[in-house]
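Report on one structure; see the data block that follows.
The numbers here are math on the coordinates, done by the rules we state, and not lab data. As the structure is a prediction and not an experimental result, all values here were calculated from the model. Note that each Cβ is placed from the backbone with ideal geometry, even for glycine, and that neighbours are counted across all protein chains shown.
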Amino acid sequence: MGKRGFKIDPLPDSFLELPDVPDSYTGQAGKTATVKGDESGLEFAVAGGGDNHAPLGALYPGVLSTGLKPPQVPYKGEGFTATKIYCRVSVAPQTTDIIVQVRCNGAPLGTVTIAAGSQTGSAVISQAISDSDYFDINITQVGTSPNEGSDLVWLVAP
């Protein structure tokens, strides 16, 4: 665990009293304590290591129709690069594809096609996402009646 011959005497009462723990915690909120590269102690690092973000998105419930759909989903947090958009419906379209444009701050981020008879679709993207960006969808095509598709979940993923 420690260096040979390294001894703490007397033993500390808490983690904060260890000699290899950073002296100050000012400005370190939201970070994790990690082992230094030279293994000489601990240091603070950004939590998640950069692109380790959870997907963000929303549910548009009910039978699908074309047009801009609520809700607008805000993003709060550190910036990351979105690499994939994904859509899933609980009821697949019968004879015509569903086409969903995912938007960031009102501008197209990418388009997902859910093929007729399928419940999922995805698209590869590369887009920088920043704190306070918001997302919504524009459904540009739905399946044909009686199975237009319903209960659409959309996600933006790192």
When you count, for each residue, the other Cβ atoms within 10 Å and take the mean per peptide, how do 146-157, 109-120 rank with the highest first? 146-157, 109-120
Just subtract the alpha-carbon distance of residue 127 and residue 76 from 0.36 nm times their residue separation and send over the number in nm, one decimal. 16.8 nm
Among 63, 102, 35, what is the fewest-to-most ranking by other Cβ atoms within 10 Å? 35, 63, 102
